[in-house]
Structure formats: structure tokens, C-alpha cells
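Read the figures in this text as sums done on the coordinates, not as results from a lab. Since the structure is predicted, the reported quantities are computational estimates derived from the model, not experimental observations. Here the Cβ is made from the backbone with ideal geometry for all residues, glycine too, and neighbour counts use every protein chain on show.
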Amino acid sequence: MASDEVMRFNKLKRTKMARNVWHFDVRYIHLEPIPGHILFLFQPESNYVHFEHLPIARDNKLSDTYQYFPETAEEAAPEIVRAIVHLFLTDFGRKGIEMQQKQKQDLQAPWKLTGEEKHLALAVGKEFARVGVNPSLCAVEQSSEDVLEDALVSFLDVYSRLAGARPTTLLQFPNSISFDYDPYQNLPKELKVVNRKEEVPSQKAEYMDRVLQYIQFVETCSPTTPEKADNPTYRMSETIIATEAMLRRPFAELLKDAEAGNVALYVDCASRSYLGFGSPRDRQTARNYLIKAAFHPESSDATRATAHALLTRWYHDIAGPGQEIRMRYMYASLHHASLALKFARSIAPPGFSIPQITSAFGDIKELITKDNPLVKRQYPVVFAALKETKERCERELQASLTRMKQPLRYRCAAVGCGIEADHGRMLKRCSGPCDEDKKPHYCSKECQKNDWPNHKGFCKPGAPCSVVDTDKALNSAPLSKKGQRSILINTPGGQMNFASSTISPQVMREVKELMEKREIKDEAELATYRRAMKKMRNFELEIVKTVFK
Ligand SMILES: [Zn+2]
Ligand SMILES: [Zn+2]
């Protein structure tokens, strides 16, 4: 803030009178299309009311409005102080209070300020002192109950005007914000990394684990492409290699690239800041990068969709599982979810959108619509996506129940093979005289041959089933349009269901072996692992569904 502004503010005429005591609070107005924070100023004696969008106009950029989402009183205070000083110098956007005072009007600069929230009152007082404002204003007090009551009545009037034609009684009322919470309390685990030079070899597998966790964090917030819809871990190996290379780069270098025009990298800068991956963990910094990615004119639809989805997650993480989400976080997350889904529309096929959004809101849908019937109308895109996704999942569930009913048809009967198919036709069945419902199926001639000594004695009508281990639940076998075989691979990041419609069962088992044997002890083994990954990529393997821990 310019010091001459502070000087002028200090010189404003003020007397120690009740009508020079001003109440303020900060609220989040969740009205579309541009939700944001407002400063509410109220003078109880004269009933004078004013609200001002925060932050007050700077460059008049849309992203400025989004930028401001304080999570602590200390973060909120500077903008509030700036706005209060500005408002009294310009007579709340009219002629300037200096003018008014010449005209001997009633409105006067404050000699005392009161606020609803204790933390905020304290922080605003400190900020006034810091910028050099008249000391009498630096002891911000808490507003009395009477003042709060009057302020509420006055605010209702303002709010109904803001809401326009909308029935305000059905809109959740924006209370004054309180800062009595810790924004870091429920964040996902920090993915701290040590300097690569200090890394001991045994930590490399652990490192890969974190790489996979990082990928999962970003992937679930990315719109589902048609390829991924068909095959949930489409190009997973490429993604792993590319992400690992990106994560090895120093953060500063990445940021420089993003600033130089590689806008999509802002998403990685944000994710790394958020998870503390090679950069200090910082929510607000992460948010600033996400806003850059979401609103940069050069951003692609995919980048915008991902950035808005990550913002949605950013708001959601304020509440832990089973906890209630704070109102302004919920509305802000719905707002960004709508935008994310809008940008995802040109990318994701029907029934698919952005996994993070449908799963996060699917969980709390009942909760948020119960008391707020208008929410559905306010964010139709979100609720439409939830409905479409739910219907698709139900169809998939039906298909998988069909498979569960006939496990023999979908799983290679050879002991130790582990190959499963998503379509009965993918496996060959025994052509012998054994009963239809007990027939073993095989992924290959080879497996059938290996299993023959076991099946031989059972291959006759009325004989019991020869297949062992059939009750072992089928893993969540892929549901692509084409028939596929799949095999479960245990990776440090969890189980990976590796599937393909073209690769031979033999190669699939080899890949499984390669990936499971991996215990990265040194550079040579890391190289072997990378070669295995590359091999998979070269085969254009279709890896399906990674089930991360
Ligand atoms: Zn087999
Ligand atoms: Zn048979």
C-alpha cells in the first residue's frame, strides 16, 4: 500500500463517537458466475452498509478474484486493510470522504473498528500497525452481540440484492468467515524427497512408489480420454517414465519453463508444491500455480480441466473423511468442478469425466443437496456428470457380476498362470466331454497342455470340476469394448492389472515376472526396470487399471 494513502487516511477527520465505530466482516458469496469474497462494512449508528469485492480492483483481471482465498487471518488481513483504507479515501467509490467532510455530512472515518471474528480482528489490527495507520485503529475489538445482530439484518438486505432474482431463502446464507481451523490438517501425505545425491540405493524403490503416488494424484484430476476410458491405464508406462523425468528436474527449472510459455507445467509446479515433492509444501503457492494454468490464455482445454479439477481437490482436502466441509470451500469446489467438467466435455466420452470430481461429489452428494435444494440448479454440470457416471458404473457392475457368476469362463485354469479375460471368448475351453458348467478354460494351448495331467481324470460327464482356486475373486477385470486378457502385477505402488488384447499370454507372464522381481538396489537394476517399461511401451501394450494402494 502506498504510504501517502496511509498518511491521507490518518488525516481523515474522526472523533471518538459511536458513529465513528465501524464493524467489518468477510464473507464468501457463492453466487455464479464469479463467486468470491466480500468485505462487509457496517456503521451501526447510521445503519450505513457497504460491501466490497476482495481484492479491490487492481488490474481488473478475473484471476485476481480467484487469487484471493485466505485460509488464515494473517492471509486475509492485508487485503482487508487495503480495502478499508481505500474505501474511506474514496468515500466508498463515490466522491471521497474528504469531500463529504467538507459538506459536513455524517459519514466519518473510523476511530475504532470492530470485527466479528477474534483471529481476524487481531490480524487486521496488526496489519494496520504494520502499514503505519493511526494507533487508535490498531486495537481492533470484537463486535458486540447487538452490533452483530444489526449487521446481520443489514447484510440480508445486501445479500438479497446480490442474489438478484434468485430466491435467497433457498440459497445457503453466507456467514461471516472464521479462521479457527488448520488448512494443513487433512492434506494428503507429503511426498518428501531427499536430494538425489544423498539417496541410498534401497530408497530407490521407495522413490518409485512416490512417483506412482504423484501420478495418481494428477491422473485422477485429469479428464478421461477415450483411450483411457477404453483402457484405464493407457500409456501408463510412458506416463511413468515422463513423470519420473519431470520429477527429477529441479523445481526452479520447471517453473522457468512454465513461465516461458510451457503453461501445462504450471500443473506440475502446483502438484509439486501441494505434495511437497522437491519443493516446500505450500497450499497457497500451489493454488496460485493452478490459477495460472486454469486462466492462462495459452492453456489447452486439457490443462484447464486438470487445473480446475485440482482446484476442486484443493478445496475438498480441507475436510477429512467423514468430516463436514466448510461452506465456502464446498461452493468454491463446486464452482471449479463445473469449470473443469466444461473443459473436459470436449475430451471425455459420455459417462466419463474427471474421476476426482465424480468420486469426491458422489460421496457427499446427499449431504450437500439435503439442505440446499438450489445447489443442483446452481451447478447442473456437476450433477449431470454424477448421474452419467453412476449409470455407467452400474452397467459395468452388471457386466462384472455376469463374469463372477461364471468364474471358470474368465480365468485360465492352469495353476499359476493368472491370466484372466474380460470376455468369455478370449479363453479357449476344453473340448472334451466334461460338463459345460465345470469346463476349464485356458489362455493358450500351452496352458491347456500343462493342465492336462490335472484335468485328465475329470474330463468326463458328471465328474467334479478340476479347476482349483476358482473361488478366488476375479480381480476387477477390465471392461473394454474389445476382448482382453489381463494379469495382476504387484508393484510398489500397488497392484497393477496389466491387460492386452494382442499380446500373447507368454509375454504377459514375462512382463509380470520382470516387474515383480524388481527390487531396485542400484543403477543397473533401475536400468533393467526402465528397459522392462520400455519393452512394454514398444509392444504398445495396453495396461489396464492400476489399483494403487
Ligand atoms: Zn494360462
Ligand atoms: Zn474337459
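Can you bin the range 260-375 into rounded, prolate or oblate? Criterion: square roots of the alpha carbon gyration tensor eigenvalues sorted a ≥ b ≥ c, rounded for a/c under 1.5, prolate for a/b above b/c, oblate for the rest. Walk me through the intermediate numbers first.
Numbers: a/c = 2.18, a/b = 1.33, b/c = 1.63.
In terms of gyration-tensor shape, oblate.
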Viscosity 0.890 mPa s, temperature 25 °C: what is the translational diffusion coefficient of the range 196-401 from Stokes-Einstein with a Kirkwood Rh over Cα pairs, rounded to a whole number of µm²/s?
137 µm²/s
Looking at the range 1-44 from every direction and averaging, what is the projected area of its Cα convex hull in nm²?
4.7 nm²
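Which order, highest average first, do 364-371, 75-82 follow once you tally other Cβ atoms within 10 Å for each residue and take the mean per peptide?
Working: 364-371: 13.1, 75-82: 21.5.
So the peptides 364-371, 75-82, ranked by packing, come out 75-82, 364-371.
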Backbone HN-Hα couplings from phi across the range 294-310 [Karplus 6.51/-1.76/1.60, Hz, Gly and Pro as x]
6, 10, 5, x, 8, 5, 7, 4, 5, 5, 4, 4, 5, 5, 5, 5, 5
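For the cross-link pairs Lys460/Lys512; Lys126/Lys189; Lys342/Lys387; Lys428/Lys456; Lys292/Lys370; Lys228/Lys445, which exceed 24 Å when the distance is taken from alpha carbon to alpha carbon? Please report the intermediate quantities before stating the final value.
Details: Lys460/Lys512 34 Å; Lys126/Lys189 33 Å; Lys342/Lys387 15 Å; Lys428/Lys456 16 Å; Lys292/Lys370 34 Å; Lys228/Lys445 31 Å.
Violating the 24 Å limit, Cα to Cα: Lys460/Lys512; Lys126/Lys189; Lys292/Lys370; Lys228/Lys445.
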Would you mind listing how long the range 363-409 runs along its three principal axes, going by Cα atoms, in whole Å with the largest first?
49, 18, 10
